Amino acid sequence: MSLSAVHSTLSSLKTCQADIGTGMDIVTDVALDVAETAGTENDAVLKKLEVMMLECAKLDQEINCFVEVVNSVTAEVRNQEPEAMFRLKSLVKEKFTERHGSLSEGELQNHVKLVSFKENVRNALKTVNPEAADNMEEELDEDVAVTQSEVNFTCPLTQVEMVNPMKNKKCNHHYDRDAIMGMIKARQNQKKKLRTSYLRCDR
């Protein structure tokens with residue numbers, strides 16, 4: 001693998017990142033149109049739009065993290081022996097896992113476009129119904145159940161370090177997304193209720 005190929009891939013990622021930003025702007029415009037239209041059914045729509053914004057912000061954050069790691073690793077191997085290039089992929093994977101695991105939920109919630117989305121929606125709601133605006137702001141934050149862990153956790157289902165942590169908002173326990181989604185589907189097929197695997201937790 002040549003460094004020129006790596007930089008070409010990063011360039012493509014940055015183009016995708018620009019598209020993500022455009023998509024977030026479009027979602028914000030749609031949310032403002034919804035907020036300015038009277039109707040209680042709009043609350044559910046706004047919540048779904050915020051979840052979309054959160055997912056876009058998370059993807060944008062991951063791309064930034066990946067680009068930062070790749071630039072750091074390539075700078076290191078550039079001055080090393082040619083054999084170091086063969087370890088480039090494993091080094092990037094290792095450092096990305098470490099860097100990504102250190103990202104906090106606070107960093108995600110402070111994404112500039114996500115903050116702008118919340119402020120613009122709140123202001124739009126205030127022009128229609130000031131009381132509803134306060135209630136909606138609280139509900140938007142509470143209804144985002146999937147959170148990015150501030151520290152590394154071991155998934156109680158797989159007993160390995162979680163790659164994509166998510167939190168049960170009822171009991172605040174954490175699981176790996178793929179593991180818990182697989183168990184939920186299995187329980188649904190068996191028509192059984194899913195309970196957390198933590199001891200003494202009845203959620």
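The values are calculated or read from the model by the stated rules, or taken from the named source; none is laboratory data. Being a predicted model, the structure only gives us computed values, none of them experimental. Don't worry about glycine lacking a Cβ; one is built from the backbone with ideal geometry, like all the others, and counts go over all protein chains shown.
A few notes on this one:
- Residue match in segment 2-9 (condition: within 24 Å of the chain's Cα centre (by Cα) and modelled with pLDDT of 85 or more): no
Matching residues to (1) at pLDDT 65 or above; (2) in a loop (DSSP other than H, G, I, E, B); (3) surrounded by fewer than 17 Cβ atoms within 10 Å (Cβ to Cβ):
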| residue | (1), (2), (3) |
| --- | --- |
| Lys89 | yes, no, yes |
| Leu103 | yes, yes, no |
| Glu107 | yes, no, yes |
| Val121 | yes, no, no |
| Lys126 | yes, no, yes |
| Val163 | yes, yes, yes |
| Arg187 | no, no, yes |
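- Among (1) touching a residue at least 60 places away in the same chain (Cβ under 8 Å); (2) under 23 Å from Ser11 (Cα atoms), the one test that Glu94 misses: (1)
- Lys113 being over 19 Å from Asn164 (Cβ atoms), under 17 Å from the mean Cα position of the chain (by Cα) and either part of a helix (DSSP H, G or I) or not charged (D, E, K, R) (or both): yes
- Some residue of segment 73-82 being without any contact (Cβ under 8 Å) to a residue 24 or more places away in the chain, surrounded by 16 or more Cβ atoms within 10 Å (Cβ to Cβ) and more than 21 Å from Ala124 (Cβ to Cβ): yes
- Flag if Asp33 is assigned to a helix (DSSP H, G or I), acidic (Asp, Glu), under 22 Å from the mean Cα position of the chain (by Cα) and surrounded by fewer than 19 Cβ atoms within 10 Å (Cβ to Cβ): no
- Residues within segment 24-44 that are closer than 18 Å to His111 by Cα and in contact with a helix residue (DSSP H, G or I) (Cβ under 6 Å, 6 or more places away or on another chain), tallied: 4
- The C-beta contact set for segment 45-57 (first residue closer than 15 Å to Glu107 by Cβ, second residue of a type in the set (Val, Ile, Thr) and at pLDDT below 90, distance under 8 angstrom, 6+ apart or interchain) comprises Leu54/Val144; Leu54/Val146.
- Residues being surrounded by 16 or more Cβ atoms within 10 Å (Cβ to Cβ) and more than 12 Å from the chain's Cα centre (by Cα) are entirely absent from segment 55-62.
- Residue under evaluation Gly39, criteria (1) modelled with pLDDT of 85 or more; (2) under 30 Å from Arg122 (Cβ atoms), criterion not met: (1)
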